[in-house]
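In what follows, a single structure is set out as structure tokens and then discussed.
Rule-based calculations on the coordinates, nothing more; no lab input. Since the model is a prediction, treat every value here as computed from it, not as a measurement. Cβ: placed from backbone, ideal geometry, glycine included. Neighbour counts: every protein chain shown.
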Amino acid sequence: MSDNNADKVIIKTPEQLAGMRIAGKCAADVLMMLSEHVRVGVTTDTLDKLAYDYIVNEQKAIPACLNYKGFPRSICTSINHQVCHGIPGSKKLSDGDIVNIDVTVIKNGYFGDTSMMFEIGKPTIRGSRICRIAHECLWIGIDQVKPGATLGDIGYAIEQHAKNNHCSVVQEYCGHGVGLEFHEEPHVMHYGKKGEGLVLAPGMTFTIEPMINLGKKEIKILPDGWTVVTKDRALSAQWEHTLAITETGVEILTLRPNEARP
Ligand code: MF3
Ligand code: CO
Ligand code: CO
């Protein structure tokens, strides 16, 4: 959102940041747990059930997506040309699919929100390419984050990298403030102009979660009311982290210990 809404951005206290660190780790742990099960033949309903049981019974936490505005599952699973908000179901993952799994956990009232791509079975050239470019876009966005930088710096860097690789950036969905609520101010656009928008300051917490398409940027929502797909049915990929602005840079609250920087 613009500077006009800077006063709505919640600057977290050290105590709140400590709570968000725990919630972020929970969300990251769910992805690592699921990664052992994401393979050819597994249904996304099975992954959803595994996530629900782990969050509720092991983590003593709450899956934020379940019943959020009526969303019927605990995680989002978005396959191939699905951009985001895919609903887990009875369809089995097949060889060459790419799938985004998006997990948001509420622990002691704090939210952690993260997603990543998985390549199923034997990777395809196009699948690997869009997963890699989207991952690079996330990290190039993270690289911009420090006090004094602007949201426009983040969006600009992400958009440039996508364009340089002949990919497009979905405009209708964006990153968001997170922590005490699922979606707080500001809106974090994955396109923009250097130097424009909110100036980042220590204690701000938000996600970066670029949705990058191999084809055109246009999307539509399926009749289920949730699943967002590319209009041209070309592949789409997304990666997401929850971040905190520190005095000197950025802390990634949902970092997985085994995540390789692209
Ligand atoms: N986790 C998503 C995000 O990154 C939001 C999912 S909302 C749901 O903001 F209802 F679809 F689960
Ligand atoms: Co998010
Ligand atoms: Co998310």
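Magnitude of the charge dipole for segment 3-252, about its Cα centre and with charges confined to Cβ atoms of Lys, Arg (+1) and Asp, Glu (-1), is about 660 debye.
The alpha carbon convex hull volume per residue for segment 117-262 rounds to 123 Å³. Within a straight-line Cα-Cα reach of under 22 Å, K122 can be paired with the following lysines, leaving aside sequence neighbours fewer than 8 residues apart in one chain: K91, K92. Remark on V83: its backbone amide H falls under 5 Å from those of V228, V229, T230, a criterion applied only to residues 5 or more positions apart or on other chains, H modelled at 1.01 Å from N. Within the straight-line cut-off of under 14 Å between alpha carbons, the aspartates and glutamates reachable from K217 are E159, E172, D232, sequence neighbours fewer than 8 places apart in one chain being disregarded. I11 sits among other residues whose Cβ lies under 12 Å from its own Cβ, and their net charge, with Lys and Arg +1 and Asp and Glu -1, is -1. Please find, in a Gaussian network model of the chain (springs between Cα atoms separated by less than 10 Å), the residue of V229, V99, V42 whose mean-square fluctuation is greatest. Checking each option, the largest mean-square fluctuation is seen for V42. Taking G177, G225, G127 as the candidate residues, the one with maximal mean-square fluctuation in a Gaussian network model of the chain, Cα springs under 10 Å, is G225.
The ellipsoid that matches the Cα gyration tensor of the chain has semi-axes, each √(5λ) in whole angstrom, of 27, 23, 16, with the longest given first. One quarter of the surface of the convex hull around the alpha-carbon atoms of segment 79-164 equals 7.8 nm², the direction-averaged projected area. Charge tally around P210: other residues with Cβ under 10 Å, Lys/Arg +1 each, Asp/Glu -1 each, net -4.
Helical runs assigned H by DSSP (4 residues or longer) give the chain a calculated mean residue ellipticity at 222 nm of -8000 deg cm²/dmol, each run adding -39500 (n - 2.57) before division by the residue total. Ignoring lysines fewer than eight residues from K12 along the same chain, the ones with Cα atoms less than 27 angstrom from its Cα are K25, K60, K69, K107, K146, K193, K194.
Across the chain, Cα pairs under 8 Å and at least six residues apart give a relative contact order of 23 percent. Note on the chain: GNM, Cα springs under 10 Å; of H37, H241, H187, the largest mean-square fluctuation is that of H37.
Centroid-to-centroid, using Cα positions, segment 166-198 and segment 111-151 are 14 Å apart.
By the gyration tensor of its Cα atoms, with a ≥ b ≥ c the square roots of the eigenvalues, what is the shape of segment 1-146: rounded for a/c under 1.5, prolate for a/b over b/c, or oblate? Note, shape of segment 1-146 comes out oblate.
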